[in-house]
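What follows is calculated from the coordinates using simple rules that are stated; it is not laboratory data. No experiment lies behind these values; they were computed from the predicted model shown. Cβ atoms come from the backbone with ideal geometry, glycine included; neighbour counts cover every protein chain shown.
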């Protein structure tokens, strides 16, 4: 096996892909909630991705991503047997599990991939785990069977009602709480706006909320400061202080603005789809 | 024969208005004639004050004497006895505070250009003997791990491999060199020089493992207990960038110098074939007065900014950057705003930087550092129109290794605690460079790496 070789590739829906990658140094220490930084090739940027799982015995890590940006579009070009230039990790602090009895994990869209090891990890740790998966529509639903096998209760929600129950994950969360379900913690994994509202519902009912944040970063070890965010009035680095923070302390509006910093450059990149997906870099 | 001219031979350089648009090296280096002529300025003082200013005690008068005789390779061998990275140190050492600061010539004129001569000798060797085959050193059977492939780690690994140790260097980034590759720009230190030094170490038998974060992927204790390393050197650098804690610092367009420089130097944002995103701003304020601030400002100019300001709260007397960097920055059109301190970053409605509010300062009584303390002039606030602010005000120590190594003790500054011999409180674990001292210089880190190598050798020879 070559270092950082793709050993498995499965398309989960129209734009999401599950990869297993040989990265033994990362796999031996990876824990739910931690992330890696990858570089596709010599010319690639360094991007952080939360791991969707790992297998210490095989020395592989799991990444589930949506091909929406320059790097993820390039990742889509990699097939089994191809290699990433770099995978470094595990980074960030693992999900806090000790002392918890019952939690609700709420995943939005791509965030469900990252919620997967977290929710199943909680369950395996002896924490009773309720999972709420949310998607735009039926075509985008992922990991339903996997979650069903790995958590105590699963609810699948779609915005348009084309699969599972109709409605937002936040509505389901509130419904469960109002019906008398007790949670020590609500953990939100997904787009910032979805996490913001999920955490607000938890707060409304006096339940501790945790949000798994993503941010621009280069090194992932605290050196660049690009991922800094305002947590309870203090600057924290997502890479070393996070990625999970108390949801009630996150300055969501600032986080949402900062996560769009390179939006224009990224939109320009997407306009060059032909160059990006022509596979020129890998197969010439 | 002694050359009695009071000034240094000038360094051939790219013209300022040409070089501030490219990333090629600014200083082009002495010719053989210039080097010999400069070497003949050395007075061969009996007390060798220059050597006392060098953290690694390069035999300066001896190598300069060889340059004067035209024996450049012999000069190189003399430098190599004590310095591992002469091509790098000749370029980035703050010579005016070290060797050249002690030169007797400095009293009535300019000191001998020791840094330029060191660079000349190293470059001459690389050009004429660079292809020489290096034979791996015969091993002594002891395994040592070095954490961090920056100047401290490279110097430590170099000395250890020469003594026969089996050395493995762990680096968290995807490329070796540490601050020499992510921080110092190409126009000041070409990355090919760093790569050549690393290749030399590899040829001698040093193993490099990139993408390996010690403290996360593997701990110091595991290296010693499971991987069979008898000794470990920690040279992980300074770490987390400091911010000013002023309003508006998290607006879009404010970044640390570490981030800005890493995008450009390590991630090559200045070359079109690389994907690295970077903000192309028209007016950039760089806050700080150190070498990192100068590097960021000069990169910003090269990335196409029209106006680049250095905002520094003290005066030109106190500014800590290397004299040559300030001189080059001024020549390249960087606008220095001394005695000026930012109080807030101003933003547009959509959250982008549109200005930096500053206050004028005056110098008061000396503070603990001995420098006159800058004091705000009330009511002197003004706004500088900028669309990007780069903070270059130093770093805080990264505690990852301290947090993940059993019973490793910190020093009073929060760095890794060591004695004068670079030994920590844990037997066999040594540390040096910015991870111990906080942000300092390449040569001091190199010096610490060498002290640690000697300590490790003594520890393992017992």
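In nm, to one decimal, how far is the residue B:315 label point from the residue B:204 one, both placed 7 Å along Cα→Cβ?
Simple spin-label model gives 4.7 nm for this pair.
Please give the length that would be gained between residue B:134 and residue B:385 if that part of the chain were fully extended, namely 0.36 nm times their separation in residues minus their C-alpha to C-alpha distance (nm, one decimal). Don't skip to the end; give the middle numbers.
On the way: separation 251, 0.36 × 251 = 90.36 nm, distance 5.49 nm.
The span from residue B:134 to residue B:385 would gain 84.9 nm if fully extended.
In whole Å, how far is the Cα centre of segment B:1-75 from that of segment B:237-288?
Here the two parts' Cα centres lie 34 Å apart.
Compute the relative contact order of segment B:180-325 as a whole-number percentage, counting only Cα pairs closer than 8 Å that sit 6 or more residues apart in sequence.
Details: 133 pairs, mean separation 31.9, N = 146.
The normalised contact order for segment B:180-325 reaches 22 percent.
If each Cα of segment B:72-165 is one equal point scatterer, what is log10 of I(q)/I(0) from the Debye formula at q = 0.11, 0.14 Å⁻¹?
Those come out to -0.42, -0.65, one per q.
When the helix-only estimate is applied to the protein assembly as shown (DSSP H runs of n ≥ 4, each -39,500 (n - 2.57), divided by the residue count), what is the mean residue ellipticity at 222 nm, nearest 500 deg cm²/dmol?
Working: 29 runs with 237 residues, N = 746.
It comes out at -8500 deg cm²/dmol, rounded to the nearest 500.
Can you tell me how much longer the chain between residue B:271 and residue B:458 gets when fully stretched, taken as 0.36 nm per residue apart minus their C-alpha distance, in nm with one decimal? The partial results should precede the final answer.
Values: separation 187, 0.36 × 187 = 67.32 nm, distance 4.63 nm.
So the chain would gain 62.7 nm between residue B:271 and residue B:458.
For chain B, what log10 I(q)/I(0) values come out of the Debye formula at q = 0.10, 0.11, 0.12 1/Å, with one point per alpha carbon and no solvent?
-0.78, -0.94, -1.11
If you average the sequence gap of Cα pairs under 8 Å that are 6 or more apart and divide by the length of segment B:375-462, what percent do you get for the contact order? Working shown, then result.
Working: 87 pairs, mean separation 18.1, N = 88.
Over segment B:375-462, the number comes to 21 percent.
Highest mean first, how do B:218-227, B:441-450 rank when packing is the count of other Cβ atoms within 10 Å averaged over residues? Numbers along the way, then the final one.
Details: B:218-227: 17.0, B:441-450: 26.4.
The packing order, highest mean first, is B:441-450, B:218-227.
For the protein assembly as shown, what proportion of DSSP beta bridges, expressed in % and rounded to the nearest 5, is antiparallel?
Numbers: 52 of 108 bridges.
The antiparallel proportion sits near 50 percent.
Using the alpha carbons of the protein assembly as shown, what is the convex hull volume per residue in cubic angstrom, as a whole number?
Details: hull volume 132.6 nm³, N = 746.
Convex hull volume per residue, Cα atoms: 178 Å³.
If I model a spin label at residue B:245 and residue A:171 as a point 7 Å from the Cα along the Cα→Cβ vector, what separation in nanometres do I get?
Distance between label points: 4.5 nm.
Relative contact order of chain A, please, whole-number percent, based on alpha carbon pairs below 8 angstrom and at least 6 residues apart. Numbers along the way, then the final one.
Working: 622 pairs, mean separation 46.3, N = 284.
It rounds to 16 percent for chain A.
Give the separation of the Cα centroids, segment B:140-198 to segment B:415-452, in Å.
15
Just tell me how shielded A:212-223 is by partners: mean number of partner chain Cβ atoms within 10 Å of each residue's Cβ, no decimals. Mind dumping the intermediate values first?
Values: counts 0, 0, 0, 0, 3, 1, 9, 10, 4, 11, 10, 16.
For this peptide, the per-residue mean of nearby foreign Cβ atoms is 5.
Please compute, for the alpha-carbon atoms of segment A:66-187, the extent along each of the three principal axes and give them in descending order in Å.
50, 37, 22
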